[in-house]
Amino acid sequence: MTTLDTEIVVIGSGAGGAVTAATLARAGRDVTVLEEGPWVDPDALEPFSLAEMVAKYRHQGGSAALGAPPVAYAEGRCIGGSTEINSGLWHRLPAELAEEWRRRHTIAEFTPTVLDAYADRVEQDLSVAKVPGEPPLSSTILERGAAALDWRSVEFARVFRYDRDQRGTKQTMARTLIPRAVESGATILPDCRVDRLVRKGDRIVGVRCTRRREDGTDEDLTVRAEQVFVCGGAIQTPALLQRSGIRANIGSGLKLHPTIRVAARFPHPIDHADVPMHRITEFGPALEIGGSASRRSHVALALSDSTADYGDAMSDWKNVSIYYAATHDGVGRVTTLPGLRSPLVTYRLTEADMSRLARGLLLLGEALMAAGATELYPSITGAPVVRRRDDLVQWWESVNRSRSNLMTVHMTSSVRIGEDRTRTGADSFGRVWGLANLRVNDASLLPDAPGVNPQSTIMTIALRNADHFLAHA
């Protein structure tokens with residue numbers, strides 16, 4: 001067995017882990033980052049391609065929260081985590097939601113003023129901007145549909161850097177904060193799965209890992225550290241803590257953004273190189289309407305979810321784009337089971353939640369029809385293909401637990417921060433209750449689902465927590 005010593009170990013290299021590692025390394029701390037997945041060059045693979053899914057996604061994209069209905073989800077498993085595979089959309093935590101979380105969970109130093117100051121720093125450190133010039137057609141379709149119905153819509157900024165020719169490059173953690181952490185002296189160990197934390201009294205004294213060597217063989221590795229930050233995300237963080245015997249308020253309260261989709265066919269080609277930046281916000285925060293990646297394989301999967309005869313639409317796939325309606329209702333749990341490497345993830349939607357999704361599906365269909373769509377294929381087994389606006393009502397009864405095909409890319413809230421120890425797994429700054437040197441600093445800390453892409457909120461809170469650590473430890 002190999003043993004390494006470091007001052008601070010950071011487990012995970014996604015939005016939370018990268019901010020943590022870069023901030024602490026720049027402050028002169030000795031930092032080692034452990035990442036279960038490989039280090040894949042951000043420019044090596046086509047975004048949203050099958051090759052990228054195989055290389056960067058956990059289970060090659062095949063994960064699901066069990067329930068009625070189940071919710072498929074995607075996690076990044078590589079250096080940079082899910083920032084390598086997401087759309088890069090950027091939305092600050094709304095002030096009213098920050099205040100609600102602060103009051104409901106008794107979170108110290110969590111005012112909109114404080115959070116906005118940290119968001120400013122993150123945005124300056126990366127590059128957050130709207131698309132220069134005209135957004136792609138797949139995005140303006142949402143704007144056009146909203147305008148025709150007199151609904152509110154907004155174009156989100158993205159974590160992208162644009163050159164003088166207006167070509168954009170997504171500022172993933174593998175392109176930005178992880179290299180900056182290395183420049184400041186941090187050590188990065190990819191292909192290193194953390195099996196469990198070793199506890200002695202109120203401290204974590206070691207991290208036991210299995211590391212894949214370059215020749216494909218495995219070695220046992222123990223990392224001894226004075227301070228431990230777990231940043232594996234809303235699924236893997238509670239799973240690791242539970243495997244290590246840390247269970248109080250860990251894994252419960254999981255929140256998702258369940259989405260129901262429509263593959264929309266238009267009488268003209270749609271660009272498929274990018275993800276729509278526009279969102280219809282008229283029905284927020286309960287419902288958000290947006291668009292997703294629509295490469296050929298995505299279109300095929302979305303069309304097949306309807307189980308309709310989609311052969312003609314697939315042959316015309318360049319005229320098809322995928323849109324969704326999302327809610328942030330329901331609640332789930334992450335549970336480790338003896339003998340299983342992956343945790344059991346479950347999620348429960350109430351009848352009211354299902355009704356909101358049904359309403360969202362009809363509203364989405366209305367917007368797409370108003371934008372000029374000629375055929376709509378919903379992600380509902382056996383639901384009719386809609387070609388006229390008046391026929392959208394047929395979808396209402398189709399949205400039920402046995403026929404709805406739901407998915408998400410946003411998972412949060414499986415640890416939660418706050419000063420009420422009966423409801424949270426960590427204090428206001430991510431220190432796990434009862435342990436002096438163990439902190440969580442990722443999506444699992446969010447007290448609830450934000451209703452929008454959570455990357456900005458995750459990174460903002462992570463920077464706040466890292467600063468608090470530097471000031472007090």
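Structure above, values below:
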item	result
Output for the stretch 357-393, where each listed residue is over 25 Å from the mean Cα position of the chain (by Cα) and among the hydroxyl-bearing types (S, T, Y)	T374, Y377, T381
Residue match in the stretch 93-113 (condition: crowded, with 17+ Cβ neighbours inside 10 Å and within 18 Å of the chain's Cα centre (by Cα))	yes
Residue, nearest to D448 (Cα to Cα), within the stretch 100-128, restricted to residues that are hydrophobic (A, V, I, L, M, F, W, C) and in contact with a Pro (Cβ under 9 Å, 6 or more places away or on another chain)	W101
Residue check for N453: under 20 Å from V19 (Cα atoms), of a type outside the set (G, A, S) and modelled with pLDDT under 95	yes
Within the stretch 1-92, strands (runs of 3 or more DSSP E) holding 1 or more residues that are closer than 30 Å to T381 by Cα	63-65, 71-73
Matching residues, the stretch 107-143, being outside any loop (DSSP other than H, G, I, E, B) and of a type in the set (V, I, T)	T113, V114, V122, T140, I141
Strands (runs of 3 or more DSSP E) wholly inside the stretch 241-307 containing at least 3 residues that are over 20 Å from K318 (Cβ atoms)	252-256, 278-280, 288-291
Looking only at the stretch 1-30, and only at residues there that are under 18 Å from T83 (Cα atoms) and among the β-branched types (V, I, T), the one that is farthest from the chain's Cα centre (by Cα)	T23
Any hit, the stretch 214-237, residues being outside any strand (DSSP E or B), in contact (Cβ under 8 Å) with a residue 24 or more places away in the chain and touching a Lys or Arg at 6+ places or on another chain (Cβ under 6 Å)	no
Some residue of the stretch 251-258 being basic (K, R), within 29 Å of A449 (Cα to Cα), surrounded by fewer than 24 Cβ atoms within 10 Å (Cβ to Cβ) and touching a residue at least 60 places away in the same chain (Cβ under 8 Å)	no
Qualifying position, being free of Cβ contacts under 8 Å to residues at least 24 places away in the same chain and either surrounded by 19 or more Cβ atoms within 10 Å (Cβ to Cβ) or not assigned by TED's automatic domain parsing to the domain that holds A371 (or both), among A117, A147	A117
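The values are calculated or read from the model by the stated rules, or taken from the named source; none is laboratory data. Predicted, not measured: the structure shown is a model, and the values here were computed from it. Backbone-built Cβ (ideal geometry, glycine too); neighbour counts: all protein chains shown.
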